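Accompanying notes for the structure given below.
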Amino acid sequence: MRDMDLIRELLLKIEGGQTSFETISSDGASFLGIETETFLTREQADKLSSHLDLLEQAGFIEIEFRSLGGTLIVKRITWQGYDFLDSIRDPEVWRKTKEGASKAGSWTVQLLVEVSKAYAKQKLKEVTGLDLA
């Protein structure tokens, strides 16, 4: 299941400069004979890996490298990824976007973009008086 908070968090981390993600679990590290204290649980590692895959499938990031050992290197955020991130960057807009999507009963990425744009436009109007409707 998609965790849109994690999607947002990952995009913010990538924008902030994190390009390397360890997606190996403590189980996998143990199997390889690596100290396991700093690794994720299997569920956490699977969730991280699948959400990075979802970001790539959505066209929001480009992945440069995946090792069999569990390291994933992100090349960049795409234009579409930045558009999505910019629409959900503001914590208040993000909170309202999630509330609005929950009321609609749907969490498609396109819906989130449209709802967040509407809230961003509303906030812009409140701050500047400009009406972009």
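What the table below lists for this structure:
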item: Unique match (being surrounded by 11 or more Cβ atoms within 10 Å (Cβ to Cβ) and not hydrophobic (A, V, I, L, M, F, W, C)) among 129, 100; result: 100
item: Residue 93 farther than 26 Å from residue 49 by Cβ, buried (at least 17 other Cβ atoms within 10 Å of the Cβ) and either modelled with pLDDT of 85 or more or not assigned by TED's automatic domain parsing to the domain that holds residue 12 (or both); result: yes
item: So residue 50, is it closer than 19 Å to residue 18 by Cβ and either without any contact (Cβ under 8 Å) to a residue 24 or more places away in the chain or among the charged types (D, E, K, R) (or both); result: yes
item: Test: residue in the stretch 75-87 that is of a type in the set (Gly, Ala, Ser) and either crowded, with 17+ Cβ neighbours inside 10 Å or touching a residue at least 24 places away in the same chain (Cβ under 8 Å) (or both); result: yes
item: Residue list for the stretch 48-84, filter: part of a helix (DSSP H, G or I) and of a type outside the set (S, T, N, Q); result: 48, 51, 52, 53, 54, 55, 56, 79, 81, 82, 83, 84
item: Criterion: of a type in the set (S, T, N, Q), in the same structural domain as residue 17 (by TED's automatic domain parsing) and surrounded by 15 or more Cβ atoms within 10 Å (Cβ to Cβ) - qualifying residue of 116, 49, 67; result: 49
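The values are calculated or read from the model by the stated rules, or taken from the named source; none is laboratory data. Here the structure is a predicted model, which is why all the values come from computation and not from measurement. Don't worry about glycine lacking a Cβ; one is built from the backbone with ideal geometry, like all the others, and counts go over all protein chains shown.
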